[in-house]
1. Any residue that is in contact with a strand residue (DSSP E or B) (Cβ under 6 Å, 6 or more places away or on another chain), at pLDDT 95 or above and of a type in the set (Lys, Arg) - is there at least one of those in the range 127-135?
2. Collect the residues in the range 29-46 that are assigned to a loop (DSSP other than H, G, I, E, B) and modelled with pLDDT of 95 or more, keeping them in residue-number order.
3. Criterion first (under 22 Å from Leu72 (Cα atoms), at pLDDT 95 or above, in contact with a strand residue (DSSP E or B) (Cβ under 7 Å, 6 or more places away or on another chain) and among the aliphatic types (A, V, I, L, M)) does Ile117 satisfy it?
4. Do we find that Ala81 is at pLDDT 95 or above, surrounded by 18 or more Cβ atoms within 10 Å (Cβ to Cβ), closer than 17 Å to Tyr181 by Cα and out of contact with any His (no Cβ under 6 Å at 6 or more places or on another chain) in this structure?
5. What are the residues in the range 108-125 that are part of a strand (DSSP E or B) and either surrounded by fewer than 18 Cβ atoms within 10 Å (Cβ to Cβ) or small (Gly, Ala, Ser) (or both), if any?
6. Look at Pro172 and say whether it is surrounded by fewer than 22 Cβ atoms within 10 Å (Cβ to Cβ) and modelled with pLDDT under 95.
7. Does Asp173 satisfy the condition of being acidic (Asp, Glu), in contact (Cβ under 8 Å) with a residue 24 or more places away in the chain and closer than 24 Å to Val33 by Cβ?
8. What about Asp73, is it surrounded by fewer than 15 Cβ atoms within 10 Å (Cβ to Cβ) and closer than 24 Å to Gly31 by Cα?
Amino acid sequence: MTEMFEQTRRFVAASTLAIFSVAALPVLADGPVLLTVTGAVENTNRGAVDPEYDKLFAFNDVSFDNAMEFDLDALQALPQAVARADFPKGGGEVEFTGPLVADLLDAAGATGKTVTISAMDGYSVEIPLDEMVEKGAVLALSRDGRPFGIGNFGPAQVVFPRAERADLAEMPDDWWVWQIYLINVE
């Protein structure tokens, strides 16, 4: 009887593993979460805001039922892009590295038309998604090879390859949000 039970248990375990291996389920963040993507996203790996635990969300009056969280490993696992730009506008040229915003939103299964990017200090800006993609927006994780940290521009900053594209040469810094913790897709 125990041999039959053991064989059944192994079959169920193997079948369950096979089913979950085929499904494209989001991976839970193992490390500290740096960025949360909410709104019109199909891939989620966390539930609703808990005001007792999610203090930054609660402080900024952010609520959602589910979201996609990204830790540093998940962000670095996306294809990395390089954007050269003067930042702030008119300053010296620097090199930013991180995933394209388009790749980040694809990973979250974003289906909306606009994104609202929010910084820890409360600054936020709404941007048409197709315009961000067309302009080559990068979610920068480092500047000139130095990772961003909390207290400067980190954990992440949206940047554009202004030094590489004549059509972006006069682009103001309004969309260059730093200290990003949240992107909401609508």
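The values are calculated or read from the model by the stated rules, or taken from the named source; none is laboratory data. None of the values given here were measured: they were computed from a predicted structure. Every residue, glycine as well, gets a Cβ built from its backbone with ideal geometry; the counts of neighbours run over all protein chains shown.
1. no
2. Ala40, Glu42, Asn43, Thr44, Asn45
3. Yes, satisfied.
4. no
5. Ala110, Thr114, Thr116, Ser118, Ala119, Ser124, Val125, listed by residue number.
6. Against the criterion (surrounded by fewer than 22 Cβ atoms within 10 Å (Cβ to Cβ) and modelled with pLDDT under 95), Pro172 qualifies.
7. Against the criterion (acidic (Asp, Glu), in contact (Cβ under 8 Å) with a residue 24 or more places away in the chain and closer than 24 Å to Val33 by Cβ), Asp173 does not qualify.
8. For Asp73, the condition - surrounded by fewer than 15 Cβ atoms within 10 Å (Cβ to Cβ) and closer than 24 Å to Gly31 by Cα - is met.
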